[in-house]
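Visitor: Can you keep this structure in mind? I'll have questions shortly.
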Amino acid sequence: MRRTDRYRYPILMIVLVVLQFTVRSHLGGDRVAPDFLLLALLIYTIRAEPGKSAAAGFVLGLLRDALTPASFGAGALAHTLVGFTSSWAKAVFFAEHVFVKGCLFFAGTWLRNFIVLVVSGRLQSSQVAWELLVWSPLQSLTTALVGVVVFSLFRHWLSPRRPGASGVLGAAA
């Protein structure tokens, strides 16, 4: 492993955070644009254990809740549950296939939106159905597509570390 390899993963996570606050507003409304912060969390959960993923989700949820104080706590709960569940699902389903990762990104985004809507109690009954059946799947699809593109372009940067793997032969085994 080269000396610069250990910095690639954190740099990519920082790029996703920067994209959230710079590019996302130009990709459509909040309902359709991909959620780069949630994508960073879901990418992290592929490499981390469920407890660490839940803690990262909690911190990310608190940061998101600070931006929307009307439903404070809903985002923290939703991101914590999504972080834990996606990390656990990664262990159950062999998540080395790009399609499975895309499904994980789609399901994680939709589940997060569902939990936030249920816990925050902001919408009326007709609006909840519209939100869960139209807008949330669209945002989940755009987030999943961006996640698949990120994994296709940076496959070697994001691959889980294998203990004892070293050099070209260790990484291919």
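Visitor: Using a 1.4 angstrom probe with every protein chain in place, what is the largest-first accessible-area order of Ile11, Ile46? Write down the numbers at each step before the final one.
Guide: On the way: Ile11 95, Ile46 5 Å².
Largest to smallest exposure gives the sequence Ile11, Ile46.
Visitor: Which of the trypsin sites (Lys or Arg not before Pro) across the stretch 26-83 are loop residues per DSSP, with 13 or fewer other Cβ within 10 Å? If you can, show how the numbers build up before the last one.
Guide: Values: sites: Arg31, Arg47, Lys52, Arg64; in loops: Arg31.
Counting only loop positions with at most 13 other Cβ atoms within 10 Å, the trypsin sites (Lys or Arg not before Pro) in the stretch 26-83 are Arg31.
Visitor: What is the stretch 15-152 by shape, rounded, prolate or oblate, if you read a ≥ b ≥ c off the alpha carbon gyration tensor as root eigenvalues and call it rounded for a/c under 1.5, prolate for a/b larger than b/c, and oblate otherwise? Walk me through the intermediate numbers first.
Guide: On the way: a/c = 1.43, a/b = 1.26, b/c = 1.13.
It is rounded, given that a/c, with a ≥ b ≥ c, falls under 1.5.
Visitor: Just check the stretch 1-91 against the gyration tensor rule for me: Cα atoms, a ≥ b ≥ c as the square roots of the eigenvalues, rounded for a/c under 1.5, and otherwise prolate or oblate depending on whether a/b exceeds b/c.
Guide: Values: a/c = 2.04, a/b = 1.19, b/c = 1.72.
Taking the square roots of the gyration eigenvalues as a ≥ b ≥ c, the stretch 1-91 is oblate.
Visitor: Would you kindly derive the ³J(HN,Hα) couplings of the stretch 12-25 from the backbone phi angles with the Karplus curve 6.51 cos²θ - 1.76 cosθ + 1.60 (θ = phi - 60°), listing them in order in whole Hz, with x for Gly and Pro?
Guide: 5, 5, 5, 4, 5, 5, 5, 4, 4, 9, 10, 8, 4, 5
Visitor: In nm, what is the difference between 0.36 nm times the number of residues separating Ser126 and Phe114 and their Cα-Cα distance?
Guide: Details: separation 12, 0.36 × 12 = 4.32 nm, distance 1.43 nm.
Roughly 2.9 nm would be gained on extension.
Visitor: Follow-up question, since we're still on this one. Roughly how many debye, to the nearest 20, is the charge dipole of the stretch 1-153 about its Cα centre, given +1 on each Lys and Arg Cβ, -1 on each Asp and Glu Cβ, and no other charges? Don't jump to the answer; show the numbers that get you there.
Guide: On the way: 13 positive and 7 negative charges, 88 e Å.
For this selection, approximately 420 debye.
Visitor: Full extension from Val32 to Ala66: what is 0.36 nm times the residue separation minus their Cα-Cα distance, to one decimal in nm? Walk me through the numbers before you get to the answer.
Guide: Working: separation 34, 0.36 × 34 = 12.24 nm, distance 2.14 nm.
Going from the current span to full extension adds 10.1 nm.
The values are calculated or read from the model by the stated rules, or taken from the named source; none is laboratory data. Note that the structure is predicted; figures quoted are calculated from it, not measured. Note that we place each Cβ from the backbone using ideal geometry, even for glycine, and neighbour counts take in every protein chain shown. Note: areas computed on protein heavy atoms with side chains; ligands, DNA, RNA excluded. Shrake-Rupley method; radii C 1.70, N 1.55, O 1.52, S 1.80 Å.
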